[in-house]
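Only one structure is covered here, and it is reproduced in the block below.
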Amino acid sequence: MVRTVLVTGGTRGIGASIAIAFKDAGYSVAANYARNDEEARKFEKENGIPVFKFDAGNYQGSCDAVEEVKIKVGPVDVLVNNAGITRDAPLHKMEMVQWSEVLRTNLDSCFNLSSAVINDMRERHFGRIINVSSINGQKGQFGQTNYAAAKAGMIGFTKALALENASKGVTVNAVAPGYIGTNMVRAIPEEIINEHILPQIPAGRLGEPIEVARCVIFLASDEAAFINGSTLTVNGGQYLI
């Protein structure tokens, strides 16, 4: 039986790597995006993965999109909550809109999409929900009270939802990446990466998006059925420093 995966924020960065890895593993995949139509269509054409434009931070829009995915791709067996944005500023300079936009996109989206798929998963006695958190939700980061709060909230959300649905064959886990070599991170000046970022990482390098994707693929598998409510850190040992 081919299972269906929905990846939010699935056409760029880590999300794109996750979506492609699921397709390569034999899943039917739907990828969400919010804004860049041209880039999303290019991703769809190059990878053969259908894309769905909707705001994951909007409850009704998310519910409607899940229904569309069910019709066009199939009932969602695996949900990857990966949609995320940053609006960085220290709290004493942060405006309410910077706070609310990040919480809405990064954390509200987890509620919106999970609530849209959870009843079907419970009825089928199978489901996987994987939330892409961040090392900054575990240790904090200067200028990211909004982002750190949202990513830490995802971890608490993961644990509670796992408890609620374990008896129905649904597992809920999180992955918490550190510095991953996406286009956004690699756009940071090389001297900053070499002098300020890499010294924090015992592995001495940036992670690769596929390394995060492999963790997500495993958590979605039958072999991971006894892993529930866990947070898998993917940071090259950075959290140890």
(request) Evaluate E = 1/(1 + (r/R0)^6) for I192 and L240, where r is the Cβ-Cβ distance and R0 equals 25 Å; express this FRET efficiency to the nearest 0.05. (result) 0.70
(request) Just subtract the alpha-carbon distance of E208 and K72 from 0.36 nm times their residue separation and send over the number in nm, one decimal. (result) 45.9 nm
(message) Let me check the size of region 2-47 from its C-alpha atoms; what are the radius of gyration and Dmax in Å?
(response) 9.8, 29
(request) With the Cα gyration tensor of the chain in hand, convert its eigenvalues to equivalent ellipsoid semi-axes via √(5λ) and list them largest first in whole Å. (result) 27, 19, 19
(request) Could you line up K151, K72, K53 from fewest to most neighbouring Cβ atoms inside 10 Å? (result) K72, K53, K151
(message) Test of understanding: in a Gaussian network model of the chain with alpha carbons linked when under 10 Å, which of G153, G204, G178 would top the mean-square fluctuation ranking?
(response) G204
(message) Here is the link list: K53/K151; K45/K72; K23/K45; K72/K159; K45/K151. Which ones come out longer than 21 Å on Cα distance?
(response) K53/K151; K72/K159; K45/K151
(request) Report the calculated FRET efficiency for A160 and Q60 (r = Cβ-Cβ distance, R0 = 30 Å), to the nearest 0.05. (result) 0.80
(message) Multiplying the sequence separation of D222 and V97 by 0.36 nm and subtracting their Cα-Cα distance, what value in nm do you get?
(response) 40.9 nm
(request) For the chain, with a Gaussian network of springs between Cα atoms less than 10 Å apart, report the residue from V117, V212, V97 with the top mean-square fluctuation. (result) V97
(message) I need M121, M94, M184 ordered by Cβ neighbour count within 10 Å, fewest first.
(response) M184, M94, M121
(request) Would you mind counting up the charge near I129? Only other residues with Cβ under 14 Å from its Cβ, with Lys and Arg at +1 and Asp and Glu at -1. (result) +3
(request) Starting from the Cα-Cα distance between M1 and D24, subtract it from 0.36 nm times their residue separation and give me the gain in nm to one decimal. (result) 6.8 nm
(request) Divide by every residue of the chain the summed helix terms, -39500 (n - 2.57) for each DSSP H run of at least 4, and state the resulting mean residue ellipticity at 222 nm, rounded to the nearest 500 deg cm²/dmol. (result) -13000 deg cm²/dmol
(request) Taking the Cα centre of the chain as origin, sum charge times position over the Cβ atoms of Lys and Arg (+1) and Asp and Glu (-1), and report the length of that vector in debye to the nearest 20. (result) 260 debye
(request) About the Cα centre of region 1-139, how large is the charge dipole given +1 on each Lys and Arg Cβ and -1 on each Asp and Glu Cβ? Please answer in debye to the nearest 20. (result) 280 debye
(message) Regarding region 171-241, what's the average projected area of the Cα-atom convex hull, expressed in nm²?
(response) 5.1 nm²
(request) Assuming 1.002 mPa s and 20 °C, estimate D for region 3-107 with Stokes-Einstein, Rh taken as the Kirkwood radius over Cα pairs, in µm²/s. (result) 150 µm²/s
(request) Pick out, in residue order, every one of the chymotrypsin sites (Phe, Trp or Tyr not before Pro) in region 164-241 that is DSSP loop and has at most 13 other C-beta atoms within 10 Å; say none if there are none. (result) F226
(request) At q = 0.16, 0.26, 0.31, 0.32 Å⁻¹, work out log10 I(q)/I(0) for region 105-156 with the Debye formula, treating every Cα as an identical point scatterer and leaving solvent out; two decimals please. (result) -0.52, -0.93, -1.13, -1.17
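Read the figures in this text as sums done on the coordinates, not as results from a lab. Just so it is clear, the model here is predicted, and its values are computed rather than measured. Don't worry about glycine lacking a Cβ; one is built from the backbone with ideal geometry, like all the others, and counts go over all protein chains shown.
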